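Novice: Okay, handing you the structure first.
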Amino acid sequence: MFLSNSSLFSVVKAQVKFKINAYNGLIYSLIILQVLGILLGGNAGSSGTSINSTTISLNTSTNDVSFILVSLLAISVGNLLTTKAYRYDDFSFVATRLSSNIANFIVLFIFSCFAGVTTYFSGYVMRLILHFKSTSEFVDSSSIFNNPSSFLLTIVAIITMLWLFSSIGYIAGILFQMHKLFFFGAVVIVVMLLMTGTWIRISESIFVENGSLLILIMKVIIITILLLATSTAISNRLGVRT
Amino acid sequence: MSVTSIALLVGLLPLIIGVGIVLYLVKKVNFKSKFRLNKFIIIIYFSLLIACGVIYEIIPKETNVEKLSGEELIQLQTENNSFQKSLLKLEDNKLNQKFLKEEWTHEIKGNTLSLEYNGNDPYSTGVVVEWMDTTDQKIEGKVYRTNINVYGLNLDQKLPLHNMEWTGNQLVIHEFSAQELTFDHFSNRLYSLNQILHDEEIRMVRGQTYIHLKVPKHIEIVDSLGLQMY
């Protein structure tokens with residue numbers, strides 16, 4: 001019999017609060033990578049052609065470089081949360097493996113939200129610089145005000161993608177923590193799939209064959225939840241603190 | 001191992017290098033260090049980014065070129081195709097008059113008309129001849145140019161017209177001098193997501209210059225470059 005009973009919700013809430021405060025140093029890395037993305041990502045795509053003896057070049061600027069760098073950070077952070085040093089933080093609480101996992105997923109989601117919104121808006125810094133610097137003609141592009149749904153969907157897509165990448169890092173980390181062989185086994189399976197072309201077909205059906213961004217978002221969320229559920233199931237077999 | 005697989009693996013190399021850099025960076029920064037990142041700095045950074053977004057959206061911008069959607073490009077391509085069909089069938093009444101750029105008449109001496117092209121791309125121009133049952137020496141000409149759109153950018157106003165010049169019995173089509181057009185475009189959507197969604201299936205509508213000549217039947221046409229369309 002205990003003097004107080006903690007619910008799963010209150011334990012998760014306490015763990016999330018603690019983790020958010022403890023790991024906020026990763027914002028440093030995020031800022032560095034986004035600045036790097038702004039510096040490197042002036043032109044995400046450049047197309048050129050010639051018609052009637054006129055050479056036409058179209059430089060499209062997006063924040064893809066920032067997005068790719070932040071995605072790599074998301075994988076690393078997901079992986080990092082499964083390392084012993086970070087898992088041992090959970091022993092400061094009266095918690096279960098389930099509550100720790102849920103807390104980690106929520107923390108990853110919160111960081112993905114912050115990273116997603118800042119990644120999207122980091123593109124505007126680049127735009128402002130180019131707007132005043134470039135001598136080329138500008139092509140009309142949709143703004144937040146005249147196409148708010150596209151703006152919102154893109155931000156949600158970035159957030160869900162980052163959450164997916166962090167969950168990939170998380171499951172990879174869990175496998176590595178269980179046994180190094182499991183991790184390398186998973187890597188071998190992925191490489192084998194790459195060679196057989198199965199991976200390409202799977203990726204195509206998930207990421208390519210989408211009618212709209214909303215469908216892509218839904219698919220990404222489902223995959224992320226599946227990955228996180230699998231990680232939870234696997235991590236239940238992890239040993240206690242040694 | 002197939003070529004695609006090798007290309008994929010090689011393509012993954014930069015990603016692996018990128019992962020290495022990020023891992024190094026992550027290790028360098030101790031997330032649990034005693035020095036906590038000041039919330040104030042986070043708020044300033046976040047506010048700065050949002051402010052950049054708001055400033056960019058509200059500053060007045062000179063938009064020079066409108067970008068059309070894939071559906072609009074398909075519409076332009078259809079217009080071009082139906083125009084060419086009608087012109088080749090010599091159906092004057094079905095020709096879209098928005099493509100008409102200039103018209104003229106010219107009287108030639110003798111019974112020969114020669115067509116010449118001055119430039120690098122004679123295929124950008126086609127001459128359609130309509131034989132007229134008349135005995136005079138008058139040649140009527142109409143110059144049309146169909147929609148030219150590259151990457152969704154309407155270039156009709158940006159690209160000069162071919163210049164037609166009469167030298168005696170010779171019609172010389174002069175191509176305009178080479179030029180370079182560069183455009184900057186900001187996309188709210190990620191380029192990689194644009195590719196994933198396949199929403200830009202048609203990227204170019206290559207319009208052509210057509211010269212519709214009404215020529216009396218007794219005049220012979222010398223067309224060494226094969227500019228005539230049938």
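The values are calculated or read from the model by the stated rules, or taken from the named source; none is laboratory data. Fair warning: this is a prediction, and the values are worked out from it, not measured in the lab. Quick reminder, even Gly has a Cβ in these numbers, built from the backbone with ideal geometry, and neighbours come from all protein chains shown. The protein model used for the area step is the full one, side chains on, heavy atoms only, and it has no ligands, DNA or RNA in it. Shrake-Rupley method; radii C 1.70, N 1.55, O 1.52, S 1.80 Å.
Novice: Assuming a ≥ b ≥ c are the square roots of the Cα gyration tensor eigenvalues, decide whether chain A counts as rounded (a/c under 1.5), prolate (otherwise, with a/b larger than b/c) or oblate. Numbers along the way, then the final one.
Specialist: Numbers: a/c = 2.41, a/b = 1.76, b/c = 1.37.
It is prolate, given that a/c is not under 1.5 and a/b is the larger ratio.
Novice: Sticking with this one: Under the rule of at least 5 residues apart or a separate chain, name every residue whose amide H is placed under 5 Å from the amide H of B:L113.
Specialist: Residues meeting the amide H criterion: B:E220, B:I221, B:V222.
Novice: Ok, one more. What relative contact order, as a whole-number percentage, does region B:70-222 give when Cα pairs under 8 Å and 6 or more residues apart are counted? Can you show the working numbers first?
Specialist: On the way: 241 pairs, mean separation 61.1, N = 153.
This gives 40 percent for region B:70-222.
Novice: Which is the longest stretch in chain A that no exposed loop site breaks, taking sites as trypsin sites (Lys or Arg not before Pro) with a DSSP loop state and at most 11 other Cβ atoms within 10 Å?
Specialist: Working: sites that count: A:R237, A:R241.
By the stated rule (loop sites, at most 11 other Cβ atoms within 10 Å), A:1-236.
Novice: Right, another one. What distance in nm separates the simple spin-label points at A:Y88 and A:A233, each placed 7 Å from Cα in the Cβ direction?
Specialist: Between A:Y88 and A:A233, the simple spin-label model gives 3.1 nm.
Novice: Same structure again: Hand me the chymotrypsin sites (Phe, Trp or Tyr not before Pro) from region A:122-226 located in a DSSP loop with no more than 10 other Cβ atoms within 10 Å, in residue order please.
Specialist: A:F145
Novice: Considering Cα pairs under 8 angstrom that are at least six residues apart, work out the relative contact order of chain A and quote it in whole percent. Please list the in-between numbers first.
Specialist: Details: 235 pairs, mean separation 56.6, N = 242.
Contact order relative to length: 23 percent.
Novice: Are there GluC sites (Glu not before Pro) in region B:50-115 that DSSP puts in a loop and that have at most 16 other Cβ atoms within 10 Å, and which ones?
Specialist: On the way: sites: B:E57, B:E62, B:E66, B:E71, B:E72, B:E79, B:E91, B:E102, B:E103, B:E107; in loops: B:E62, B:E66, B:E91.
Listed in order of number, the matching sites are B:E62, B:E66, B:E91.
Novice: Considering only protein heavy atoms and a 1.4 Å probe, what is the carbon-and-sulfur percentage of the accessible area of region A:94-157? It would help to have the intermediate numbers written out before the result.
Specialist: On the way: 1940 of 2680 Å².
The value for region A:94-157 is 72 percent carbon and sulfur by accessible area.
Novice: Long-range amide H contacts for B:V150: which residues qualify at under 5 Å (H placed 1.01 Å from N, peptide plane, sequence gap of 5 or more or a different chain)?
Specialist: Close amide H contacts, sequence-distant or interchain: B:L155, B:V205.
Novice: Could you tell me the calculated FRET efficiency between A:S47 and B:K61, based on Cβ-Cβ distance and R0 = 22 angstrom, to the nearest 0.05?
Specialist: 0.55
Novice: Per-residue HN-Hα couplings for region A:187-195, Karplus 6.51 cos²θ - 1.76 cosθ + 1.60 at θ = phi - 60°, whole Hz, x for Gly and Pro?
Specialist: Values per residue, Gly and Pro as x: 4, 4, 4, 4, 5, 4, 4, 4, 6 Hz.
Novice: Then there's this: What is the set of long-range amide H partners of B:I139 at a cut-off below 5 Å, with H atoms built 1.01 Å from backbone N?
Specialist: For B:I139, whose amide H was placed from the backbone, the distant partners under 5 Å are B:H106, B:E107, B:I108.
Novice: Working from Cα positions, state the angle (0 to 90°, nearest 10) between the long axis of helix A:148-178 and the longest principal axis of chain A.
Specialist: 40 degrees
Novice: Among the aspartates and glutamates, which fall within straight-line cross-link reach of B:K109, defined as a Cα-Cα distance under 17 Å, with same-chain neighbours fewer than 8 residues apart omitted?
Specialist: Excluding near neighbours in sequence, the set is B:D136, B:E140, B:E165, B:E220.
Novice: How about region A:125-139: which of its residues lose at least 30 Å² of accessible area in the presence of all protein chains relative to their chain isolated, using a 1.4 Å probe?
Specialist: The answer is A:V125, A:R127, A:L128, A:H131, A:S136, A:E137, A:F138, A:V139 - residues whose exposure falls by at least 30 Å² when every protein chain is included.
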